[in-house]
There are 6 protein chains.
Amino acid sequence: MSIAAINARNQFRGRVREIIEGPVVSEVDVETSTGLIVTSVITTRSVKELGLVPGREVIALVKSTEVAIAAL
Amino acid sequence: MSIAAINARNQFRGRVREIIEGPVVSEVDVETSTGLIVTSVITTRSVKELGLVPGREVIALVKSTEVAIAAL
Amino acid sequence: MSIAAINARNQFRGRVREIIEGPVVSEVDVETSTGLIVTSVITTRSVKELGLVPGREVIALVKSTEVAIAAL
Amino acid sequence: MSIAAINARNQFRGRVREIIEGPVVSEVDVETSTGLIVTSVITTRSVKELGLVPGREVIALVKSTEVAIAAL
Amino acid sequence: MSIAAINARNQFRGRVREIIEGPVVSEVDVETSTGLIVTSVITTRSVKELGLVPGREVIALVKSTEVAIAAL
Amino acid sequence: MSIAAINARNQFRGRVREIIEGPVVSEVDVETSTGLIVTSVITTRSVKELGLVPGREVIALVKSTEVAIAAL
């Protein structure tokens, strides 16, 4: 099954740079082409099911309702 | 009160590009220096309390636990 | 660009049953083949970009970190 | 104290099928009567305080603002 | 159906102080006995189904994974 | 870089009371001046980068869209 599009407006395409694996959840760091690092915490089961390894091309996705705004 | 640092690893600094105001929540679009657009939905009260207007310098913040990963 | 797989373990495939459109966010109700209703609130922009209308086949996705557990 | 109702529109009633316990958070898999598996990540403290064990009847709850929609 | 306990460790008991109703989502402000205000955004449908009105006794709940920490 | 204000309406100022450190995420318990305990799960990297230790003054922050409401 292939997904054509998803509503998450915030999509950051990049490559997995590092994975810190834990017993239940893992941290997955994604680096975009502009050098931005986006950090994700997902279940370790998902890391394995998606076959994530450093260098793998992925998209980091965030729902707009999860984004906070800070004023400088 | 000034905040020195926040745990949200994902911080996107930029300027407010557009605000779509609703009666309860508003959409705030932030454009980073590399041209990336990050979309946020926050309460309209917060938009007013923070004094957000187009051009205002802000940081869009996302907790790592809110970031999903999709494989291509 | 097509997505092959996503880490959200909780994927509910169904059809859009109803959309309540607001100025900033909209409620999208999805009905699965077993009659389960899953309710989502996404930006109205996303509703339009995805071309969502009643009857459209979709997947409702939830990150495991967003699921709470209540004991009876 | 007993809760009469909660606003989370998405409530999946079922039984705990499996628990993967970690030092801080645990994965709790819930199976509904129709065979659907809903996965949750909650603190290990909560797993203990709620007395969760395989077979225990529970409700998995998700706020509508946390549900994303993908088009096929 | 009555819920005995929920895993959300952060439970703020109080009374509804104000509701700002929108077409899709509403803001519900809860005041605790110590005068703390907790603000929630839920679907307007839920506001009606729960029969929320100012003065109504409620609990505001937050999952630990949704709480960010800022250093001063 | 110092943050002047953040949109999270729910800000709980207090001191770190306890940290349960895991390999990927850690639980941070914050106690407010009125004795309220707010529990957060953040990455262990953030715990270290923020220099969190028991007694440290912090603010626990929650977006309004993450707060659920239960009726009693």
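Max-minus-min Cα coordinates of the protein assembly as shown on each principal axis give 52, 52, 43 Å, with the largest extent listed first.
Rounded to the nearest 500 deg cm²/dmol, what is the calculated helix-only ellipticity per residue at 222 nm for chain B, with -39500 (n - 2.57) per DSSP H run of length n ≥ 4? Computed ellipticity for chain B at 222 nm equals -2000 deg cm²/dmol. Across the identical copies, the label point of A:Leu72 (7 Å from Cα in the Cβ direction) is separated from its matches by 2.5, 3.0, 4.6, 4.6, 5.3 nm, in order from shortest. Using a 7 Å projection from Cα along Cα-to-Cβ, the label point at E:Ile37 is separated from the same position in the remaining copies by 2.8, 3.3, 3.3, 3.8, 4.5 nm, smallest value first.
Between copies, the label points of C:Gly51, set 7 Å from Cα on the Cα→Cβ line, lie 2.9, 4.5, 4.5, 5.3, 5.5 nm apart, reported in increasing order to one decimal in nanometres. Restricting attention to the protein assembly as shown, lysine pairs at least eight places apart or on different chains and with alpha-carbon atoms under 18 angstrom apart total 21. For the range B:39-58, backbone nitrogen atoms closer than 18 Å to the point 7 Å from B:Arg13 Cα along Cα-to-C-beta are found at B:55-58. Other residues whose C-beta falls under 11 angstrom from the C-beta of D:Leu50 contribute a net charge of +3, scoring Lys and Arg +1 and Asp and Glu -1.
Eigenvalues of the alpha-carbon gyration tensor of chain C, scaled by 5 and square-rooted, set the equivalent ellipsoid semi-axes at 21, 16, 14 angstrom, largest first. Backbone amide hydrogens, once placed in the peptide plane, bring A:Val25 within less than 5 Å of A:Thr44, excluding anything fewer than 5 places away on its chain.
Basic side chains Lys and Arg get +1 at the Cβ, acidic Asp and Glu get -1 at the Cβ, and with that the dipole of the protein assembly as shown about its Cα centre reaches some 0 debye.
Axis-proximal residue of chain D for the rotation onto chain A, reported as residue and distance in whole Å: D:Thr65, 3, based on Cβ position.
We did not get these values from a lab; they are worked out from the coordinates using the rules stated. Owing to the predicted nature of the structure, the values given are computational and were not obtained by experimental measurement. No Cβ is skipped: glycine too gets one built from the backbone with ideal geometry, and neighbour counts run over all protein chains shown.
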